[in-house]
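All of the numbers you see were taken from the coordinates with simple rules; none came from a lab. The structure displayed is predicted, hence computed values, not measured ones. With ideal geometry, Cβ positions are generated from the backbone for all residues, glycine too; neighbour counts draw on all protein chains shown.
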C-alpha cells in the first residue's frame, strides 16, 4: 500500500507490503525495497530492524499527526491515508466508512449501532502486528452498522463500521 508521509515539511511516497519471511518491504520514493522487521517494546515504543541495524522508535499520536523519536531526533509526521485522499478527491469527504489499513483481528467494539459519535471518537479496536490500533470515526454522526465481531480476523481494507449522518 502506498502512503504519502510528510516529515519536517517534506512529503514523500512510501510503499509498504508484506515480506514473505515476515516483516515488511518498504520503499521510499520508488527506491530499492528494504526488508524491515520489528515489534512493540511497550506503549508507544518499538524496535525496528533492517539487516544488522536495530533501532528503537518512539511514537506518540498528536492532533497534528505522529510525533516520532528516533536516534535522539524528534520529528512530526503526518500520514495521508490513500483511501481518505481518494474519497476526498471523489467528493466523498464525509463518507462514514471505517476500515483497516492492515490485516488483523477485531479486539473490541467501542461504539455500538445507534450510538452518536463525534469525528475522531474511537469506534473499534483492531490488533495488527501485535499492536492494538484504535480506529476513529471519520465524521460526526451515528453508528449505522458494525460489520464485524470481536475475535474476527479481517483483511486489509475491510469495512468495519459505517457512520451515518446525525
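What the table below lists for this structure:
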{"item": "Percent breakdown of C-alpha pair distances by 10 Å bin, ordered from the shortest bin, for the chain", "result": "10, 32, 39, 17, 2, 0"}
{"item": "Theoretical gain in end-to-end length, residue 136 to residue 156 [0.36 nm per residue, Cα-Cα removed]", "result": "5.6 nm"}
{"item": "Hydrodynamic radius (Kirkwood) for region 92-164, which is based on Cα pairs only, to one decimal in Å", "result": "11.9"}
{"item": "Residue order, fewest to most beta carbons within 10 Å, for 4, 165, 52", "result": "52, 165, 4"}
{"item": "Globularity index of region 2-80, i.e. its alpha-carbon radius of gyration over 2.2 N^0.38 Å", "result": "1.11"}
{"item": "Residue exposure sequence - 33, 130 - by fewest surrounding Cβ within 10 Å", "result": "130, 33"}
